[in-house]
Amino acid sequence: MDQWKVGNVLVTRIVEMEVTGGTKFILPDATKEACLPLDWMRPNFMDHEGNLVMSIHALVIDTGDTRIIVDTCIGNDKQRNIPTWSNLQTDFLNDLKEAGYPKESIDLVMCTHLHVDHVGWNTMLVDGEWIPTFPTARYLIAIKEWTYWNENENEDLYGPVISDSVRPVVDAGLVDFVDENYSLCEEVSLSPTPGHTPGHVSVLINSEKKKALITGDFIHHPVQMTNTDWCSPADNDKKQAQLTRETILEKYVNQDILIIGTHFAGPTAGYIKYFDGGGYWLDVNSVK
């Protein structure tokens, strides 16, 4: 379990799955031959053969007063069109509880966007019905994101993602549709990072003069720091996704802000530095 202290705020990573290889459908440009020369990615983000390592995890932000879970992974019992993501039976909720965060203790559920691997544990299957997993929480979704998916749901792509993982919490009256610059609490706010999806947001933590940014999917893997033009087929607007990525990387390079990747394998967090060969890299060794 990875944890980071950002001022008075504690961030905890709860892993659903971590995999090596099989990432071609996420980043087709990231071939072994193209990745192998990037020594800085070993051993955390790439194996010795050039296969990328990626993670699907949730991040719990604990301010002391408010408990926020950011992105809820794939979920159990969901029928998905990706075989390795379909009908999962993981110990995610128990792992969350073991970390000190039973589902009833979560105050806010923040979805950076509404893709399959970010909303799954919004709901759970009980007696044949999809019910809210976090019954005492408010679920936060950017209004622009909801408007898009409410009108453009495509179950042929991944499965009935909106139907089983988003609409049930909307119908239960637990969702607040918010602006892309919304403040969740004094220390936590949203930052618009469009391109991957129309209403995509990242999560900014600012406490006691310390800062961190939870990326969401404006960047899927640290290799995109060095190769900022490597886009994902899942990006709704590839030009905008690249522009957002390059803008954020340049804004925070050599700055004292911890970057916590939503799909970055352990150790997951680091600082953006300029890369000698062009672009940037993620320095995880400077994290205390």
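Rounded to the nearest 20, the size of the Cβ-charge dipole of the chain about its Cα centre is 600 debye, with Lys and Arg at +1 and Asp and Glu at -1.
Net charge in the neighbourhood of Tyr271 (other residues with Cβ under 9 Å of its Cβ; Lys, Arg +1, Asp, Glu -1) is -1.
Each listed q (0.07, 0.09, 0.11 Å⁻¹) maps to a log10 I(q)/I(0) for the chain, found by the Debye formula over equal Cα scatterers with no solvent: -0.23, -0.39, -0.59. Counting every alpha-carbon pair across segment 171-275, the share separated by more than 24 Å comes to 24%.
Helix 238-252 and the long axis of the chain differ in direction by around 70°, with both axes built from C-alpha atoms. Considering only Val126, Val6, Gln79, the residue lying farthest towards the positive end of the dipole of segment 1-143 is Val6, judged by Cα position with unit charges set on Cβ. For segment 220-288, with equal point scatterers placed on the C-alpha atoms only and solvent neglected, what are the log10 I(q)/I(0) values from the Debye formula at q = 0.11, 0.19, 0.24, 0.28 1/Å, to two decimals? Taken in order of the listed q values, log10 I(q)/I(0) reads -0.24, -0.73, -1.12, -1.38.
Relative to the longest principal axis of the Cα atoms of the chain, the long axis of helix 143-152 lies at roughly 80 degrees. The string of couplings for segment 182-189 from the Karplus curve (6.51, -1.76, 1.60, θ = phi - 60°) is 5, 9, 6, 6, 4, 9, 10, 9 Hz, one whole number per residue in order, with x for Gly and Pro. The residues of segment 171-288 expose on average 41 square angstrom of accessible surface per residue, using a 1.4 Å probe on protein heavy atoms. The eigenvalues of the Cα gyration tensor, multiplied by 5 and square-rooted, give segment 89-176 an equivalent ellipsoid with semi-axes of 22, 15, 12 Å from largest to smallest. Among the protein heavy atoms of segment 190-232, carbon and sulfur supply 44% of the accessible surface, probe 1.4 Å, non-protein parts ignored. Evaluating 6.51 cos²θ - 1.76 cosθ + 1.60 at θ = phi - 60° for every residue in segment 166-177, the Karplus couplings come out as 10, 4, x, 7, 5, 5, 7, x, 9, 9, 10, 8 Hz, glycine and proline recorded as x. Only DSSP H runs of four or more residues enter the estimate; each adds -39500 (n - 2.57), and after division by the residues of the chain the mean residue ellipticity at 222 nm equals -4500 deg cm²/dmol.
The values are calculated or read from the model by the stated rules, or taken from the named source; none is laboratory data. Because the structure is predicted, anything quoted here is derived from the model rather than measured. Neighbour counts are summed over all protein chains in view; Cβ atoms, including those assigned to glycine, are modelled from backbone coordinates with ideal geometry. The accessibility values were calculated without ligands, DNA or RNA, using every heavy atom of the protein model including side chains. Shrake-Rupley method; radii C 1.70, N 1.55, O 1.52, S 1.80 Å.
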